[in-house]
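Working notes, structure below.
Readers should treat all values here as calculations from the given coordinates under stated rules, not as data from a laboratory. Predicted model, so just to flag it, every value in this text is computed and none were measured. Reconstructed Cβ throughout: ideal geometry from the backbone, glycine too, with neighbour counts over all protein chains shown.
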Amino acid sequence: MAHIILVTSFKGGVGKSTVSANLALKLARLGQKVLLCDLDFDLGTLDLITGCEDRMLFDVCDAVYGRRDVEDCAVTFPSVPGLYLLGAPFRCTDEIVPEDFAEKLSAICEPYDYAVLDTPGADSVTVAVGARCADSAIVVATHNPTSLRGAEKTAQRLRDVDLPCRLVINNFDAVSVSEDKRTGMISMIDATKTPLLGVVPYDRTLMFAQEKGVLADGDSFPSSKAFENIAQRLIAEKTGGRPVPVLSGVIGRKRKKVLTK
Ligand SMILES: Nc1ncnc2c1ncn2[C@@H]1O[C@H](COP(=O)(O)OP(=O)(O)OP(=O)(O)O)[C@@H](O)[C@H]1O
Ligand SMILES: [Mg+2]
């Protein structure tokens, strides 16, 4: 049965789509069958981020409302076996009823090991859909106080509907934290009142690659190991394996200083 993960924050631009796409990639690289699904209707970006916009002929609404077979709608990636993308409609003309949409989307997710649902940066109807489908949520936040407040509110809202959530700190800048210029990890966990699942460093290589539709696949990306560790932790939870420690490979020399702030 699929484990469905909602990736969200009511704050825009914090890296939800980046985390969704690269987490899905790493889950697939670790041998899982993964459905990456774009619930950011009207402004979806996962086709761009994964470099398949020319091949995405149908979208998640076509699949959910049965206008096309799921196989026709899900884009595959020859270089990443096991990864499938259901993109967002360019312009959504369907009336979305969360209960109904969630039930149909859950059924679509069933044959996969994992489904990763990316959402818009607002409290929208598709977040309500995702919250109904999901088994757990990842709330994404950066150092920025507005993103931390957004993450706190998002996590609170999800806990109110009994959805367990964990924090992924994105764009983490260990050097600035060690120089007292930015909020440290402990303060971010406190501010969001949300347990930590993983930390993704600020990665300029990824930022530029993403503009060309390339994911963080390989050692040339400082964030690659961080995404892999998050994927490994999720798999370990499902299979009872041993998870990678949360700070493994992310902090390096600055570890102690960053951790204590
Ligand atoms: N770890 C990172 N290092 C460097 N740049 C990053 C990182 N994560 C995200 N970015 C960049 O930040 C920008 C916003 O990322 P992204 O589109 O994933 O955010 P989002 O939360 O999905 O935004 P929206 O709310 O608009 O959907 C992009 O240009 C992306 O390349
Ligand atoms: Mg996005």
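Tell me the net charge near Leu27. Cut-off is 15 Å between Cβ atoms, Leu27 excluded, with +1 for each Lys or Arg and -1 for each Asp or Glu.
With Lys, Arg at +1 and Asp, Glu at -1, the net is 0.
From the residues Ser124, Met207, Ile189, which one has its Cα farthest along the dipole of the range 122-221 in the positive direction, the dipole being from +1 and -1 charges on Cβ of Lys/Arg and Asp/Glu about the Cα centre?
The Cα lying farthest towards the positive end belongs to Ser124.
Could you let me know the centre-to-centre spacing of the range 149-180 and the range 15-75, using Cα atoms, in angstrom?
With the range 149-180 and the range 15-75 each reduced to a Cα centre, they are spaced 24 Å.
Taking amide H positions as placed in the peptide plane 1.01 Å from N, state which residues far from His3 in sequence (5 or more) or on other chains have amide H under 5 Å from it.
Residues meeting the amide H criterion: Tyr114, Ala115.
Can you give the translational diffusion coefficient of the chain in µm²/s, computed by Stokes-Einstein from the Kirkwood radius over Cα pairs at 37 °C and 0.692 mPa s?
It diffuses with D of about 180 µm²/s by this estimate.
Sorting check: for 100-106, 31-37, which peptide has the highest mean count of neighbouring beta carbons within 10 Å, and how do the rest follow?
Peptide ranking by packing, descending: 31-37, 100-106.
Cβ under 14 Å from Thr194's Cβ, Thr194 left aside: what net charge do those residues give with Lys, Arg +1 and Asp, Glu -1?
Overall, the nearby charge balance is +4.
Taking a threshold of 25 Å on the Cα-Cα distance, which of the pairs Lys181/Lys212; Lys104/Lys212; Lys33/Lys225; Lys16/Lys104 fall above it?
Exceeds cut-off: Lys181/Lys212; Lys104/Lys212.
Sorting check: for 152-159, 204-211, which peptide has the highest mean count of neighbouring beta carbons within 10 Å, and how do the rest follow?
The peptides rank, most packed first, as 152-159, 204-211.
Taking the Cα-to-Cβ direction at Asp160 and at Leu247 and moving 7 Å from each Cα, how far apart do the two end points lie in nm?
For the pair Asp160/Leu247, the computed spacing is 3.5 nm.
On C-alpha positions alone, give me the angle between the axis of helix 16-29 and the longest principal axis of the chain, in degrees, nearest 10.
Orientation of helix 16-29: about 80 degrees from the principal axis.
Treat every Asp and Glu Cβ in the range 3-259 as -1 and every Lys and Arg Cβ as +1, leave all other atoms uncharged, and give the resulting dipole magnitude about the Cα centre to the nearest 20 debye.
1520
Ranked from highest to lowest mean number of other Cβ atoms within 10 Å per residue, what is the order of the peptides 109-120, 236-247?
109-120, 236-247
Counting only helical runs of four or more DSSP H residues, what would the 222 nm mean residue ellipticity of the chain come to if each run contributes -39,500 (n - 2.57) and the total is spread over all its residues?
Result for the chain: -11000 deg cm²/dmol, rounded to the nearest 500.
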